[in-house]
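One structure is given below, encoded as structure tokens.
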Amino acid sequence: MVEGIAEQLTMPVFAHYAGFDLESSHISVINIGSRYFKHFLKLFDSSRPYTLHKKVACITDLDPLRKKKNEDESKFEKCYSFELNLENDQYEYKSCSNDLLDETFPKNIRCFAQEIGKGKTFEYELAYSNPSCKLLLTKSVSNNKELNRLMDLYHNQEKLDEMIKVVSKKGAENLRIIESIKKYPGQDSRKHLIAARYLNSVDKGENAYELSKVLEENSMGHSPLISGNDPRQCVLFKVPKYIKDAISWICS
């Protein structure tokens, strides 16, 4: 079970990259169109009689949050993982807003999400796990020129300051990313910068369709980034760990 169309379209090709075949393993990818997995999981609760005792893997997002302190009407709002605990005097934080991950399920049901404190959403994790893989930059991705340059700088091991110079200073969201990433103490700030800009440049449905096609062609040695059709020259793409773990578990 997955949250949306993007995961549904890409999961079969991710399985191929991870060395599995969902179809031959008789596994369906179900897009529930939300995060309300628990309503459907009651059908598969193996601790109860008259349910479907099938293995179910739920792939979901962390979606970290923050809200301003000392404001009565303040509400939790989405934030980036690199913003967590940066300003504890001003904000209250939640590294995960998904209560599904706090649930205890029977052994035939497991939930998979990004690493706490690192991840945010599906698209964010794609770029974080593949900070220099230009296969992600499909035609529908906006800010393509900027992302291309950021990936080049990352590949060439340029410093964060050089990468920040490339990011457009237009818009409050970009300025927020720049200011927060400068304060972030982690060693993976460059990956977070690319992931944040990629997340804000993606049209989920259209990009997922294009990405699934590009990745499939790449695995067959027809990558648009490489001349010729030699399958030994495929561009390296890394399936995010939580997705690979989910696929491995459900196919075992």
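Every condition in (1) modelled with pLDDT of 95 or more; (2) among the aliphatic types (A, V, I, L, M); (3) within 25 Å of M11 (Cα to Cα) holds for I116 except the one numbered (1). I need the full set of residues from region 49-84 which are part of a strand (DSSP E or B), out of contact with any helix residue (DSSP H, G or I) (no Cβ under 8 Å at 6 or more places or on another chain) and of a type in the set (D, E, K, R), in order please. Within region 49-84, K67, K68, E77, K78 qualify. Just one of the listed residues (E92, E87) is outside any loop (DSSP other than H, G, I, E, B), more than 18 Å from K241 (Cα to Cα) and either of a type in the set (D, E, K, R) or at pLDDT below 95 (or both), namely E92.
Counting the residues of region 114-136 that are crowded, with 21+ Cβ neighbours inside 10 Å, of a type in the set (G, A, S) and assigned to a loop (DSSP other than H, G, I, E, B) gives 1.
Out of (1) part of a loop (DSSP other than H, G, I, E, B); (2) surrounded by fewer than 16 Cβ atoms within 10 Å (Cβ to Cβ), what's the single condition that is false for V167? So the condition that V167 fails would be (2).
Restrict the check to region 37-49 and report whether at least one residue is touching a residue at least 12 places away in the same chain (Cβ under 8 Å), surrounded by fewer than 18 Cβ atoms within 10 Å (Cβ to Cβ) and within 18 Å of the chain's Cα centre (by Cα).
Of region 37-49, the ones touching a residue at least 12 places away in the same chain (Cβ under 8 Å) are 37-38, 40-41, 44-47.
Then drop every residue that is not surrounded by fewer than 18 Cβ atoms within 10 Å (Cβ to Cβ), which leaves 38, 40, 45-47.
Still in the list and also within 18 Å of the chain's Cα centre (by Cα): none.
No: zero hits.
Screening V13 with (1) out of contact with any Phe, Trp or Tyr (no Cβ under 9 Å at 6 or more places or on another chain); (2) buried (at least 17 other Cβ atoms within 10 Å of the Cβ); (3) in a loop (DSSP other than H, G, I, E, B) gives one miss only, at (3). When you go through Y242, Y209 one by one, which is the residue that is in a helix (DSSP H, G or I), aromatic (F, W, Y) and at pLDDT below 95? Only one candidate qualifies: Y209.
The values are calculated or read from the model by the stated rules, or taken from the named source; none is laboratory data. Everything numeric in this text was worked out from a predicted model, so none of it was measured. Note that each Cβ is placed from the backbone with ideal geometry, even for glycine, and that neighbours are counted across all protein chains shown.
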